[in-house]
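Step one of this worksheet: look at the structure below.
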Amino acid sequence: MEEIESEQTEIPRGGPIYIPNMASRLTKVPDFETCLVRLLQELEAELCCDSSQLCEDDDLSVDELKVYTEEELVGMAMKEAFQDQSNAENSERPGEGESSSTFDSSIVSLSETSCKDVVPRKNYRTPKKRKVQDSYIAKVEQLAMIKLKQDEDKAAARLHSFNSSCKINECSIPSSDNSERMKSLRSTDSAKVKSSDVQEHIAVLYPETLLCVEVYHNTKKMTKTQEFLVLGLQTLTELRDRIYCLTDQIMQKAGEHDPSGYFLIEEVFYNDMRDPFAIDYSEPVFDWLRNSKDEALKKWECIINGELQQKQRVVLGSVAASHLPHFKAIDMHKARFCDLRFRLGAGYLYCHQGDCRHTVVIRDMRFIHPEDIHNRAAYPIVIFQIKQRVQKCNVCKIYRATKVTVDDKWAGENPCYFCDYCYSLLHSNDGAPQYNDFLVYDYLHD
């Protein structure tokens, strides 16, 4: 049992992660939109043909569906029963055309009978009460069947929304359950889009495609750090500007921030050349491919085929030779997501600050729907942000650490974390350092 559990891939709380060889075929956003629109049109035509008679008789819409509570059903049953009782009493009353003598004679005969044999009053009304009670029960059972039918219709109600004659309230406010779909299951610190954060409103044209893009940690390769919703018409630079990495913060504090970077997606380098001081990271790669073609081909065969097939080729010589892909470079700010050729679920490369590499996965692709944000200026939307782990000061154990020292002779731990106040108390005297035979770094988070 322990061996079986060790062989299974650990899935984090956030749902699916990047697993090699679990990817779709090559696709593009325009191909997806064309295929999906055709499928929706075929489905709409099929539903209209199958339910044309039903739609003519009684169209059903989700917004028009009224769900009755048990109290309302009982009240309706009582009201209908009383209505039936009053109608029955009105039908039993004598007509206006009857003579007064007949009515008087009936009263006389009734009085004589009552004088001879007095019968308790309740015995005459017992059958009537029982009849009314049976009528109440029958009405309640009938309306209970209506409620049961309503529960069954709720599951199938959305099928009727494909019919063009069925109107949906466009001004309806999405429920809280639907808004929860925007959140990732693993998200412990999800970012929410506030109206104050977005300065302008740019309408999103339908049909618009949304892509779910995941970014993984640079060293902990199986740890997802961020998840975005991006529009198909947005550029790759808009996504890059929203990616958070601790390396960027460290290099910026050190005054060595490099604006260069690239995405490698299906044999294409998308270089960020917006800054005048940016460097084309792909140029050394192209130089190596031109000058060391044999070595590059050997490494490429090892990546594609693996070590086992390499050994089979040496022994049997039956494995077909591989060919180097035709790499090319494109400016990142000129490339939109709708122009990319990619595989859903495949791992691609994002490189910045020299050699800080992240795995980027395009996880999902779908049409925008009414519950989504219809403001282009709000995208890319961060729907997941990993919760950052920070250290407290090792001295006071209260404040957040801002400094970390290494080989500090007066520190209780190595490395040791300090807040600004505790660090100044231990290491400075009237603004002058007491000793400097240690290393100190700014601390942001783990």
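The values are calculated or read from the model by the stated rules, or taken from the named source; none is laboratory data. Values in this document were obtained by computation on a predicted structure and should not be read as measured data. Every residue, glycine as well, gets a Cβ built from its backbone with ideal geometry; the counts of neighbours run over all protein chains shown. Only protein heavy atoms, including side chains, enter the accessible area calculation; ligands, DNA and RNA are left aside. Shrake-Rupley method; radii C 1.70, N 1.55, O 1.52, S 1.80 Å.
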Quick one: which residues, 5+ away or cross-chain, put their amide H under 5 Å from the amide H of TYR443? H built at 1.01 Å from N. LYS403, VAL404
Under a crude label model (7 Å from the Cα following the beta-carbon direction), how far is ASP31 from SER292 in nanometres? 3.4 nm
Excluding VAL74 itself, calculate the net charge of residues whose Cβ lies under 12 Å from the Cβ of VAL74, where each Lys or Arg counts +1 and each Asp or Glu counts -1. -2
Pairwise label distance in nanometres, ALA138 with CYS48, each label 7 Å out on the Cα-Cβ vector: 4.4 nm
Report ³J(HN,Hα) in whole Hz for each residue of the range 333-346, in order, from the Karplus equation J = 6.51 cos²θ - 1.76 cosθ + 1.60 where θ = phi - 60°; Gly and Pro get x. 6, 9, 9, 9, 5, 6, 8, 7, 10, 8, 10, 5, x, 7
Note the full-extension length gain between ARG389 and GLN41 as 0.36 nm times their separation in residues minus their Cα-Cα distance, in nm to one decimal. 120.4 nm
Dipole size in debye (nearest 20) for the range 192-287 around its Cα centre, Lys and Arg Cβ +1, Asp and Glu Cβ -1? 600 debye
Would any residue of the range 237-261 have its amide N under 12 Å from a label point 7 Å out along Cα→Cβ of PHE277? List them or say none. 252, 255-260
Fully extended contour minus Cα-Cα distance, from SER86 to GLU266, at 0.36 nm per residue: 56.8 nm
Of LYS299/LYS387; LYS298/LYS387; LYS224/LYS403; LYS253/LYS299; LYS224/LYS392; LYS221/LYS409, which sit over 31 Å apart, Cα to Cα? LYS299/LYS387; LYS298/LYS387; LYS253/LYS299; LYS221/LYS409
Assuming R0 = 45 Å, what is the FRET efficiency of HIS374 and CYS396, from their Cβ-Cβ distance, to the nearest 0.05? 0.40
A 1.4 Å probe over the protein heavy atoms gives the range 244-298 a carbon and sulfur accessible-area percentage of 54 percent
What ranking of MET145, MET222, MET332 comes out by heavy-atom accessible area, probe 1.4 Å, highest first? MET145, MET222, MET332
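Take the Cβ-Cβ distance between PHE438 and HIS257 as r, set R0 to 35 Å, and report the resulting FRET efficiency rounded to the nearest 0.05.
0.85
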